[in-house]
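J.: Dumping the structure here so I can ask a few things about it.
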Amino acid sequence: MKINSQCMLGVLLGAAAIVGGCAISADSPASKTSAATWTAPADAALAAKAITAPALLNHISILASDDFEGRSPGTRGETMTTDYISRQFIQLGLKPGNPDGSYFQSVPLVGTLSKPTLSYTVAGKTVALKPNDDFVAWSPRLESTVSIRNSEMVFVGYGVVAPEYGWDDYKGMDLRGKTLVMLINDPAIPDPKDPSKLDPNMFQGNAMTYYGRWTYKYEMAAKLGAAAAIIVHETKAASYPYEVVRNSWGRENFAVKMTGVHPDFPAVPAWMHLDRTRELFRASGLDFDALKKAALSKDFKPVKLGAVANFEVKNTWQDVASKNVIGMIEGNDPQLKNEYIIYTAHWDHFGIDETLPGPRTNQIYHGAVDNASGVATLLEIAKAYRALPTAPKRSIIFLAVTAEERGLLGAQYYAQHPLYSLRKTLLNINMDGINTWGRTRDVAIVGLGKSTADDVVARIAAGQGRGVVAAPRPEIGGFYRSDQFEFAKVGVPVVYTKGSDSYIGKPANYAAEKADDFVAHSYHKVSDIVRPDWDLSGAVEDVQMLFLVGLDVAQGSSYPQWKPGAEFKARRDAMMANPAR
Ligand SMILES: [Zn+2]
């Protein structure tokens, strides 16, 4: 779903912003821990050489060709793609990754088209809002009409419960059947030492946390039994304008198929335009800006608006039967083979849009970078593992997931229906879009500082003569926009990296120019194709690094851990305390 929400965009925009000097953490904890003397074991270093630029390019060229029809879930393009990946797995000598003996995990999806209405009544006056212009709303319920009548509207601030910050916006209020009105992003608390900045000790300062994402807001509303949740759209806090909300939510919405109550969404999730929200609050005799300010305090309590909401959502839907592709290398240690490192890359993209002008090739979303390149990476890493003289101690799983572009759905499905114990899954390494512009001095970690896996990345990167930096613009939440997020959410530590902006032998503005150009002309467009001027030398180093990181954990004696303050630590700790999982 949500073109606004997915994969590489955050990181690309970040590269564009770097000239402004907003990235860089050469003095970050991760780079300090890097041991410049580390070298890969000889066998591993040799196996890493199996990863080559021509092989990456070959896989990308095939997957991004017209024949694969843009790889949309549920289409002929899906069959072509999943067949290709499973055949490659077989050729590489991977075992079927599904314990049922196949290379596939079925992922039932549903695409829903919703036509919503919304009105509210306050002080005896009813105001009807205009769909799309004033609000967007849909329903994940597979019911032709979803109605919410006279649901009391409650402003719940940021809607956050974060025990690590002693934060609870709900204060135990019973919100069943209510319509929650919530702010986007996480609480922007000024730094007591310098009010022009955000407090680095609260919600990771300027960086967006899980609590700031719209997915979190709707999950909380569902958990609390609310009937509907309206997120107030604000351009800066959301990091995209209202038009993006209107365009991406006004269309078909995809979800993992389930009947009845959806655990991640209330019956009606919605967004509302800021101007309309101010009017609603004014009609309720309240001041939106004053309440927004009040929501920056731990003492904030939900505020009843004295208004009721009426929603009606007319739904039509279609089933989409899709698949994850999964292969594995069984560990060679009798005990440790029951522990896992899982590599992921999404195989899907946006298919064909026949309304676009020109010849057929101009209608196909080729998705060469996004994410034929990630799938190519997955296959090359599997090749490197197979080039080792013996399998690693722990088992390695290779998972090509579906429907990332529709909302991380294939990864979400795997995380909810894991084929191997998540408790015994030590690490997820995700690949979404490779660097096609040459070698970089550093590796950029998306979500740097969340887990000790960063230290492994720093050590291996140092062995390549490279440093580690934070991926720029953490405030737009790149960490939450690709498949590793679904693993993090269920507690599994993750690694998600990018080439940094520090291109070797290029001018300072090179990264920004390339990123601006990609975002303007290729990102999520039919023109995301293989380019003759690509330089995959940096990608090869990145992919070799990811191979060595997984291998290090597969052979090592310590489990990657979430660091204190990471949103997912409590979940992992609970999981590890329960040996039944
Ligand atoms: Zn994408």
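J.: Under the condition of being assigned to a helix (DSSP H, G or I), aliphatic (A, V, I, L, M) and open to solvent by 20 Å² or more (accessible area, probe 1.4 Å), which residue from the stretch 509-539 is nearest to SER395 (Cα to Cα)?
T.: Per the criteria, the residue is VAL519.
J.: Looking at the structure I just gave you, is ASP353 open to solvent by 10 Å² or more (accessible area, probe 1.4 Å), of a type in the set (D, E, K, R), within 30 Å of THR179 (Cβ to Cβ) and in contact with a Gly (Cβ under 9 Å, 6 or more places away or on another chain)?
T.: no
J.: Suppose the filter is at pLDDT 95 or above, open to solvent by 20 Å² or more (accessible area, probe 1.4 Å) and hydroxyl-bearing (Ser, Thr, Tyr); does SER65 pass it?
T.: Yes, satisfied.
J.: Out of everything in the stretch 70-83 that is in contact (Cβ under 8 Å) with a residue 40 or more places away in the chain and open to solvent by 10 Å² or more (accessible area, probe 1.4 Å), what residue ends up being nearest to ASP370 (Cα to Cα)?
T.: Applying the first criterion (in contact (Cβ under 8 Å) with a residue 40 or more places away in the chain) to the stretch 70-83 yields 70-75, 77-78, 81-82.
When the remaining residues are screened for being open to solvent by 10 Å² or more (accessible area, probe 1.4 Å), the result is 72-75.
Details: SER72: 13, PRO73: 15, GLY74: 18, THR75: 18 Å.
Top of the filtered list is SER72.
J.: If you take the residues of the stretch 451-491 that are of a type in the set (Gly, Ala, Ser) and on the phi > 0 side of the Ramachandran plot, which of them is most open to solvent (accessible area, probe 1.4 Å)? Quick ask: steps written out before the conclusion?
T.: Applying the first criterion (of a type in the set (Gly, Ala, Ser)) to the stretch 451-491 yields 451, 453, 458, 461-463, 465, 467, 470-471, 477-478, 482, 488, 491.
After this cut, where a residue has to be on the phi > 0 side of the Ramachandran plot as well, the list is 465, 477, 491.
Working: GLY465: 69, GLY477: 2, GLY491: 0 Å².
Restricting to residues being of a type in the set (Gly, Ala, Ser) and on the phi > 0 side of the Ramachandran plot, the top hit is GLY465.
J.: Something else now. Within the set of pairs 6 or more residues apart or between chains, which connect a residue that is touching a residue at least 24 places away in the same chain (Cβ under 8 Å) and within 19 Å of ILE434 (Cβ to Cβ) inside the stretch 453-482 to a residue that is among the β-branched types (Val, Ile, Thr) and open to solvent by 30 Å² or more (accessible area, probe 1.4 Å) with Cβ atoms less than 6 Å apart?
T.: Going by the 6 Å Cβ cut-off, the qualifying pairs are VAL469/ILE24.
J.: Among the candidates ILE445, ILE529, which residue alone is under 28 Å from PRO54 (Cα atoms), within 16 Å of the ligand (Cβ to nearest atom), at pLDDT 95 or above and among the hydrophobic types (A, V, I, L, M, F, W, C)?
T.: After ruling out the rest, the residue left standing is ILE529.
J.: Also, I was wondering about something else. Which residues, counting only those in the stretch 84-127, are assigned to a helix (DSSP H, G or I) and crowded, with 17+ Cβ neighbours inside 10 Å? Even if it seems obvious, please write down each step before you answer.
T.: Step one: filter the stretch 84-127 for residues assigned to a helix (DSSP H, G or I), giving 84-91.
Matches in the stretch 84-127: TYR84, ILE85, SER86, GLN88, PHE89.
The rows are residues; the columns are (1) over 27 Å from GLN561 (Cβ atoms); (2) crowded, with 24+ Cβ neighbours inside 10 Å; (3) within 16 Å of the ligand (Cβ to nearest atom); (4) free of Cβ contacts under 8 Å to residues at least 40 places away in the same chain.
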{"position": "SER373", "(1), (2), (3), (4)": "yes, yes, yes, no"}
{"position": "ILE381", "(1), (2), (3), (4)": "no, yes, no, no"}
{"position": "LEU388", "(1), (2), (3), (4)": "no, no, no, no"}
{"position": "GLU405", "(1), (2), (3), (4)": "yes, yes, yes, no"}
{"position": "GLY410", "(1), (2), (3), (4)": "no, yes, yes, no"}
{"position": "TYR420", "(1), (2), (3), (4)": "no, no, no, no"}
{"position": "LYS424", "(1), (2), (3), (4)": "no, no, no, no"}
{"position": "LEU427", "(1), (2), (3), (4)": "no, yes, no, no"}
{"position": "ILE434", "(1), (2), (3), (4)": "yes, yes, yes, no"}
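J.: Continuing with the same structure: Can ASP264 be described as open to solvent by less than 50 Å² (accessible area, probe 1.4 Å), within 30 Å of GLU405 (Cβ to Cβ), within 16 Å of the ligand (Cβ to nearest atom) and in a loop (DSSP other than H, G, I, E, B)?
T.: No, not satisfied.
J.: Could you go through the stretch 201-219 and let me know if any residue there is among the small types (Gly, Ala, Ser), at pLDDT below 95 and over 25 Å from GLY172 (Cβ atoms).
T.: Scanning the stretch 201-219, I find at least one residue that is among the small types (Gly, Ala, Ser), at pLDDT below 95 and over 25 Å from GLY172 (Cβ atoms), so the answer is yes.
J.: Being part of a strand (DSSP E or B), modelled with pLDDT under 95 and within 21 Å of ASN310 (Cβ to Cβ) is the filter here; which residues of the stretch 128-178 pass it? Walk me through how you get there before you give the answer.
T.: Pass one, the stretch 128-178, residues part of a strand (DSSP E or B): 128-129, 131, 135-137, 145-155, 161-162, 167-168.
Imposing the further condition that a residue be modelled with pLDDT under 95 reduces the set to 162.
None; the set is empty.
The values are calculated or read from the model by the stated rules, or taken from the named source; none is laboratory data. As the structure is a computational prediction, the values presented were derived from the model and not from experiment. Counting neighbours? That spans all protein chains shown, and the Cβs are built from the backbone with ideal geometry, glycine included. Please note that ligands, DNA and RNA were not included when accessible areas were found on the heavy atoms of the full protein model with its side chains. Shrake-Rupley method; radii C 1.70, N 1.55, O 1.52, S 1.80 Å.
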